[in-house]
Amino acid sequence: MAEDTTTKATDMDQKTFKAEIQQLLNILIHSLYTEREIFLRELISNASDALNRLQFEMLTKRDVLDPEAELAIYIEGDEENRRLIIRDTGIGMTAEEMEENLGTIAHSGAQQFMQAMKEAGQEAKVSAADIIGQFGVGFYSVFMVAEEVTVTSRSYRPDAEAAVWRSTGQGTYTIGPADKADRGTTIEIKLKEDALEFARPHRLRQVIKEHSDFVAYPIYLLEEKFAEKEEEKGKKEWTQVNQQTAIWRQNPKEVDEEKYKAFYHQLTLDFGDPLLRIHTSADAPVQFYALLFVPSKKDYRLFGLKEDYGLKLYNRKVLIQEHFKDLLPPYLRFIEGVVDSEDLPLNVSREAVQSTPVLSKIKSALTRRVANELKNLAEEKPDTYRTFWREFGGFIKEGIATDPDSKDKFVDLLRFPSSRSENEDDLVSLAQYVGRMKADQKEIYYILGDDYDVTARSPHLEYFRKHDLEVLFMTDPMDSFMLVTLTEYDGKPLKNVDDAGLDLPEEKAGEEKPAEALSDDEFKALVARVKQVLGDRVEDVRDSKLLTDSPCRLVNPPDAVNTTLQRVQRLLDKEYQIPKKILEINRRSELIRNISARLSANADDPLIDPLVEQLYESALLSEGIHPNPAEMLPRIQLLMEAAARMK
Ligand code: ADP
């Protein structure tokens, strides 16, 4: 390589790494023997960032050193001397910037890696090798393979001086001035003995293809020429290894499946394949290209790190921002991908990009497109859609709750279990529900609950089951939030089954009620006793019109805040007191008749009060609002003892 990187040894300053870096280095050096190759991805990615930043400076017409130099990355292995050299013509660093950037953990990936290592260490389940691929651990990963690293750099500012940084990764590093005439950064690595493979061109080619194929700048590798003539044998030349294609700018017909997948893997570091891909472009009202993906699952990063969500925003292939959050509404933050638009004003600042109307146009076009593609997925690949819904359904509900304007676009994506489901995974859409509503049914019924099994046993469902009216199960905490804004579908109101004023279809004439029921007097006496026992824990105690088998249920008084809002309140504030309910009693239930009989026979019967208490608390449990179910145990014990005594 025609590079002069001699240092002036006399001016070198020795410094000590920050403690956190030393920790990181210790992990990288001592506990990682697999996946070491990712160090190259990290260095290439740094070089690519440096080129991006340089390109940005050039576009904004600042003065730069060597404006003619090709924006590229050069990689050269030297097996004989166990060396590897990576050079870029990017933005470069001054001595101060080296001190700042290579002496502290600036990057969040490295910090998250350390945090994850700590957690993993406590659980002793995961090793560094398992998780390293999921984090950009950055520059320091070079010490997995390096005995010594020398970074020589010259900043793009025409008057800046070159500098050199050197370290063995053992506690200290030195910084000093250097002779380097051209712009950019050269990293020279003295490889460890067991890392010699990374000096071999064919191994380097393989690693570059695998991890950095879509880097936007050419990556040249110094390789031996294929030679026919004897005198040319052993000659080396620079060849470009990466595809370097902005595949989002290609015609989808020209991109094959494997290429999309490879791009996705390199973009996200997700091992799985994406559930959905959206490749689209538009010319009006704004010009843009977009390539978006729904990941394989929600937590495809082992530790669920997704604060750095957002799409990559490009302008004419120049990366403007890595995690741009304003291209999709926040509830679609699970989507990964790239957007490239020529209509963005680039020559202003990066911050100004946020306030341009172009962005809001792209955003609404993309949001619509995502909704449509998901609808298609549901129709064409129901199994994949089920996976999508399991992983990301909560985000769609969040969207309906938080973005009334887009509600209509997403409402058909909703899926719920219902009273007709075989099991929890047997889901129905609102359109399907409406399609199978009974002829005289005017409302869409739903029931709130904490989980599927408890909800499926709720006494509220009895009437609806008996009359073959389907009820949707809302058992996800997000459902209550969503129901605040989702009050109707297809012109039909959504109604909670515990709503006191339901517009239920007429009872058919001749539909008989079970004969045996308590007389009015007996019932009155029982109600009086129940009121006395429960006191002001209930709003009222009254007869039930809807129950057939269950002894009782709790309903919401007509003037109270509806149960959905109560739930939202309770999720937001643990101290929130749920308003008192009405206890409805079924005078035809055998249990109720037996309690009433005990009361008529002997008002002092010691079992009556515990039976009433238990009746009420079982109802609380079935509503999912019992504050402390364990408190019921002594009473259940007492009732069991009494039952066991009976012959
Ligand atoms: P990051 O994830 O921020 O790249 P690194 O530890 O890999 O974290 O690098 C730290 C910083 O060092 C970078 O943010 C960048 O400012 C600087 N840096 C690293 N490599 C280069 C390079 N090839 N050219 C210019 N600056 C670089």
All but one of (1) more than 19 Å from Val318 (Cα to Cα); (2) open to solvent by 30 Å² or more (accessible area, probe 1.4 Å) hold for Tyr289; state the number of the condition that does not hold.
(1)
Hits in region 318-343 (condition: touching a Gly at 6+ places or on another chain (Cβ under 6 Å), open to solvent by less than 10 Å² (accessible area, probe 1.4 Å) and either free of Cβ contacts under 8 Å to residues at least 60 places away in the same chain or farther than 21 Å from Gly393 by Cα (or both))
Phe324
Yes or no: region 433-442 includes at least one residue that is open to solvent by 30 Å² or more (accessible area, probe 1.4 Å) and in contact with a Gly (Cβ under 7 Å, 6 or more places away or on another chain).
no
Are any residues in region 16-63 more than 29 Å from the chain's Cα centre (by Cα), more than 30 Å from Arg316 (Cα to Cα) and at pLDDT 85 or above, and if so, which ones?
Thr16
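Taking region 170-188, which residues are hydroxyl-bearing (Ser, Thr, Tyr) and either closer than 24 Å to Ser48 by Cβ or buried (at least 16 other Cβ atoms within 10 Å of the Cβ) (or both)?
Applying the first criterion (hydroxyl-bearing (Ser, Thr, Tyr)) to region 170-188 yields 172-174, 185-186.
Tyr173, Thr174, Thr185, Thr186, listed by residue number.
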Among Gln206, Gln244, the single one that is out of contact with any Ser or Thr (no Cβ under 9 Å at 6 or more places or on another chain), free of Cβ contacts under 8 Å to residues at least 40 places away in the same chain and under 30 Å from Ser155 (Cα atoms) is Gln244
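Table: residues versus (1) modelled with pLDDT under 95; (2) assigned by TED's automatic domain parsing to the domain that holds Arg203; (3) among the hydrophobic types (A, V, I, L, M, F, W, C).
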residue	(1), (2), (3)
Tyr220	no, yes, no
Gly234	yes, yes, no
Lys261	yes, no, no
His265	yes, no, no
Gly272	yes, no, no
Asp283	yes, no, no
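Residues checked against (1) in contact with a Cys (Cβ under 6 Å, 6 or more places away or on another chain); (2) farther than 30 Å from Phe481 by Cβ; (3) open to solvent by less than 50 Å² (accessible area, probe 1.4 Å); (4) in a helix (DSSP H, G or I):
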| residue | (1), (2), (3), (4) |
| --- | --- |
| Asp559 | no, no, no, no |
| Glu575 | no, no, no, no |
| Ile582 | no, no, yes, no |
| Ile592 | no, yes, yes, yes |
| Pro606 | no, yes, no, no |
| Val612 | no, yes, yes, yes |
| Ser618 | no, no, no, yes |
| Ala630 | no, no, no, yes |
| Leu639 | no, yes, yes, yes |
Could you tell me which of the residues Asn315, Asn251 is crowded, with 18+ Cβ neighbours inside 10 Å, of a type in the set (S, T, N, Q), farther than 13 Å from Glu336 by Cα and outside the structural domain of Gln55 (by TED's automatic domain parsing)?
Asn315
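Residues of region 46-65 being in contact with a Ser or Thr (Cβ under 9 Å, 6 or more places away or on another chain) and open to solvent by 50 Å² or more (accessible area, probe 1.4 Å), which ones? Step through it out loud before you land on a result.
Let us first name the residues in region 46-65 that are in contact with a Ser or Thr (Cβ under 9 Å, 6 or more places away or on another chain), namely 46-48, 50-51, 54, 60, 65.
Hit for region 46-65 is Asn46, nothing else.
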When you go through (1) in contact (Cβ under 8 Å) with a residue 24 or more places away in the chain; (2) assigned to a helix (DSSP H, G or I) one by one for Glu35, which number turns out not to apply?
(2)
Inspect all residues belonging to region 94-105 and state whether any of them is within 11 Å of the ligand (Cβ to nearest atom), at pLDDT 90 or above and part of a loop (DSSP other than H, G, I, E, B).
yes
Within the bounds of region 420-432, is there any residue that is assigned to a strand (DSSP E or B), surrounded by 20 or more Cβ atoms within 10 Å (Cβ to Cβ) and touching a residue at least 60 places away in the same chain (Cβ under 8 Å)?
no
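Matching residues to (1) without any contact (Cβ under 8 Å) to a residue 12 or more places away in the chain; (2) in contact with a Ser or Thr (Cβ under 9 Å, 6 or more places away or on another chain); (3) small (Gly, Ala, Ser); (4) closer than 26 Å to Asp450 by Cα:
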| site | (1), (2), (3), (4) |
| --- | --- |
| Val555 | no, yes, no, yes |
| Glu575 | yes, no, no, yes |
| Leu599 | no, no, no, no |
| Glu617 | no, no, no, yes |
Of all residues making up region 479-488, the number that are in contact with a strand residue (DSSP E or B) (Cβ under 8 Å, 6 or more places away or on another chain) and surrounded by fewer than 18 Cβ atoms within 10 Å (Cβ to Cβ):
2
Is one or more of the residues making up region 452-474 modelled with pLDDT of 95 or more, assigned to a loop (DSSP other than H, G, I, E, B) and among the hydroxyl-bearing types (Ser, Thr, Tyr)?
no
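Could you please find all residues in region 151-207 being among the aromatic types (Phe, Trp, Tyr) and part of a helix (DSSP H, G or I)? Steps first, please.
Start the filter on region 151-207 by keeping residues that are among the aromatic types (Phe, Trp, Tyr), which leaves 156, 165, 173, 198.
Answer for region 151-207, where residues must be among the aromatic types (Phe, Trp, Tyr) and part of a helix (DSSP H, G or I): just Phe198.
Only one residue in Glu584, Glu613, Glu631 is within 42 Å of the chain's Cα centre (by Cα) and among the charged types (D, E, K, R), so which one is that? So that I can check it myself, show each step before the final result.
Details: Glu584 fails: within 42 Å of the chain's Cα centre (by Cα); Glu613 fails: within 42 Å of the chain's Cα centre (by Cα).
Result of the check over Glu584, Glu613, Glu631: Glu631.
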Of the residues in region 66-78 that are touching a Ser or Thr at 6+ places or on another chain (Cβ under 9 Å) and not hydroxyl-bearing (Ser, Thr, Tyr), the one that is nearest to the ligand (Cβ to nearest atom) is Ile73
For region 189-203, give me each residue that is buried (at least 16 other Cβ atoms within 10 Å of the Cβ), touching a residue at least 40 places away in the same chain (Cβ under 8 Å) and either touching a Cys at 6+ places or on another chain (Cβ under 8 Å) or closer than 22 Å to Asn242 by Cα (or both).
Ile189, Phe198, Ala199, Pro201
Lone unmet requirement of (1) crowded, with 16+ Cβ neighbours inside 10 Å; (2) over 25 Å from Arg333 (Cβ atoms); (3) out of contact with any Ser or Thr (no Cβ under 8 Å at 6 or more places or on another chain) for Lys397
(2)
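The values are calculated or read from the model by the stated rules, or taken from the named source; none is laboratory data. Computed from a prediction, not measured in an experiment: that's the story for all the values here. Don't worry about glycine lacking a Cβ; one is built from the backbone with ideal geometry, like all the others, and counts go over all protein chains shown. The area values use the complete protein model at the heavy-atom level, side chains included, leaving out ligands, DNA and RNA. Shrake-Rupley method; radii C 1.70, N 1.55, O 1.52, S 1.80 Å.
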